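Engineer: Provided herewith is a single structure, encoded as structure tokens, for subsequent inquiry.
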Amino acid sequence: MVTPHAKTALGQLAEAPEPASQYLTFHLAHEVFAMDIRTVREIIQYGPMTGVPLMPDFVRGVINLRGAVVPVIDLRARFGQAPAEVSKKTCIVVFDAQRDGERLELGLLVDAVNEVMDLPASQIEPPPSFGTAVRREFIRGMGKLASGRFVIILEPDRALDIDDMALLCEQAQAA
């Protein structure tokens, strides 16, 4: 038997707002991208970087982050576009990647960081089958914004797969 108090509690559950995930949004060229904020460690200003010979174009170099060597990936180049041009708004988003259960820090060179936004699951559509500048398997979904525009939500485990990028580095060294 459901008591009146239980009916009220059930009604409140049904009316509770849908939990939203938080995403860091950033610009690459004219597109707005997002990634789950839980993977982001920090955002730093673009600064001196050490180039690494025989690396593919998307490996911009390495930075010294509090004594740790952190590779920096140019996301534009990784996605097959022209390498990023550095401006006053250019930043490096440092995030956690996984390889064989081990946590690795990677830096992502982006044109500009926008904001952290809440996005409920109901506002995320599946990736389109064509028509994006990024390979479909690199996209987790398309977030619908209140303005009617979309933000491309990255699937970092695929777009920034350490093993895949290491293979590309090995191929560049062999060439």
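Engineer: If a residue must be out of contact with any strand residue (DSSP E or B) (no Cβ under 7 Å at 6 or more places or on another chain) and either of a type in the set (Gly, Ala, Ser) or in a strand (DSSP E or B) (or both), how many such residues does the range 28-46 contain? Steps first, answer last, please.
Structural biologist: Taking the range 28-46 as the starting set, the residues that turn out to be out of contact with any strand residue (DSSP E or B) (no Cβ under 7 Å at 6 or more places or on another chain) are 29-30, 38.
From what's left, either of a type in the set (Gly, Ala, Ser) or in a strand (DSSP E or B) (or both): 29.
Within the range 28-46, residues that are out of contact with any strand residue (DSSP E or B) (no Cβ under 7 Å at 6 or more places or on another chain) and either of a type in the set (Gly, Ala, Ser) or in a strand (DSSP E or B) (or both) number 1.
Engineer: Quick one: what pairs do we get from the range 73-86, first residue among the β-branched types (Val, Ile, Thr), second part of a helix (DSSP H, G or I), C-beta under 9 Å, 6+ apart or different chains?
Structural biologist: So the pair list comes out as Ile73/Met165.
Engineer: Here's another thing I want to ask about it. Hey, Asp100 hits all of (1) closer than 17 Å to Ala159 by Cα; (2) surrounded by 12 or more Cβ atoms within 10 Å (Cβ to Cβ); (3) of a type in the set (Asp, Glu) but one; which does it fall short on?
Structural biologist: (2)
Engineer: Also, I was wondering about something else. Determine, yes or no, whether Pro83 is in contact with a Phe, Trp or Tyr (Cβ under 9 Å, 6 or more places away or on another chain) and either part of a strand (DSSP E or B) or not acidic (Asp, Glu) (or both). Spell out how you get there, then give the answer.
Structural biologist: Values: in contact with a Phe, Trp or Tyr (Cβ under 9 Å, 6 or more places away or on another chain): yes; either part of a strand (DSSP E or B) or not acidic (Asp, Glu) (or both): yes.
For Pro83, the condition - in contact with a Phe, Trp or Tyr (Cβ under 9 Å, 6 or more places away or on another chain) and either part of a strand (DSSP E or B) or not acidic (Asp, Glu) (or both) - is met.
Engineer: Something else about it: Is there any pair linking a residue in the range 96-123 that is without any contact (Cβ under 8 Å) to a residue 60 or more places away in the chain and under 22 Å from Val62 (Cα atoms) to one that is buried (at least 17 other Cβ atoms within 10 Å of the Cβ) and among the small types (Gly, Ala, Ser), with Cβ under 7 Å and at least six apart or on different chains, and which?
Structural biologist: That search, which allows pairs on different chains as well, returns Leu104/Ala97; Leu106/Ala97.
Engineer: Does Arg60 satisfy being surrounded by fewer than 19 Cβ atoms within 10 Å (Cβ to Cβ), touching a strand residue (DSSP E or B) at 6+ places or on another chain (Cβ under 8 Å), outside any loop (DSSP other than H, G, I, E, B) and modelled with pLDDT of 90 or more?
Structural biologist: On the way: surrounded by fewer than 19 Cβ atoms within 10 Å (Cβ to Cβ): no; touching a strand residue (DSSP E or B) at 6+ places or on another chain (Cβ under 8 Å): yes; outside any loop (DSSP other than H, G, I, E, B): yes; modelled with pLDDT of 90 or more: yes.
It is false that Arg60 is surrounded by fewer than 19 Cβ atoms within 10 Å (Cβ to Cβ), touching a strand residue (DSSP E or B) at 6+ places or on another chain (Cβ under 8 Å), outside any loop (DSSP other than H, G, I, E, B) and modelled with pLDDT of 90 or more.
Engineer: Next up: From the list Gly51, Gly80, Gly67, Gly131, pick out the single residue that is farther than 29 Å from Pro19 by Cα, surrounded by fewer than 17 Cβ atoms within 10 Å (Cβ to Cβ), modelled with pLDDT of 90 or more and out of contact with any strand residue (DSSP E or B) (no Cβ under 6 Å at 6 or more places or on another chain). Walk me through it before giving the result.
Structural biologist: Working: Gly51 fails: out of contact with any strand residue (DSSP E or B) (no Cβ under 6 Å at 6 or more places or on another chain); Gly80 fails: modelled with pLDDT of 90 or more; Gly131 fails: modelled with pLDDT of 90 or more.
Being farther than 29 Å from Pro19 by Cα, surrounded by fewer than 17 Cβ atoms within 10 Å (Cβ to Cβ), modelled with pLDDT of 90 or more and out of contact with any strand residue (DSSP E or B) (no Cβ under 6 Å at 6 or more places or on another chain) holds for just one of Gly51, Gly80, Gly67, Gly131, which is Gly67.
Engineer: Step by step: first the residues of the range 134-163, then only those that are in a loop (DSSP other than H, G, I, E, B) and not basic (Lys, Arg), then the one that is modelled with the lowest pLDDT. Which residue is that?
Structural biologist: Applying the first criterion (in a loop (DSSP other than H, G, I, E, B)) to the range 134-163 yields 134-135, 145-149, 155, 160-161.
Remaining after also requiring not basic (Lys, Arg): 134, 145-148, 155, 160-161.
Numbers: Val134: 65, Leu145: 84, Ala146: 80, Ser147: 84, Gly148: 82, Glu155: 84, Leu160: 72, Asp161: 71.
Among them, the one singled out is Val134.
The values are calculated or read from the model by the stated rules, or taken from the named source; none is laboratory data. Small disclaimer: the values here were computed from a predicted structure and weren't measured. Heads up, the Cβs are rebuilt from the backbone with ideal geometry, glycines too, and the neighbour counts pull from every protein chain shown.
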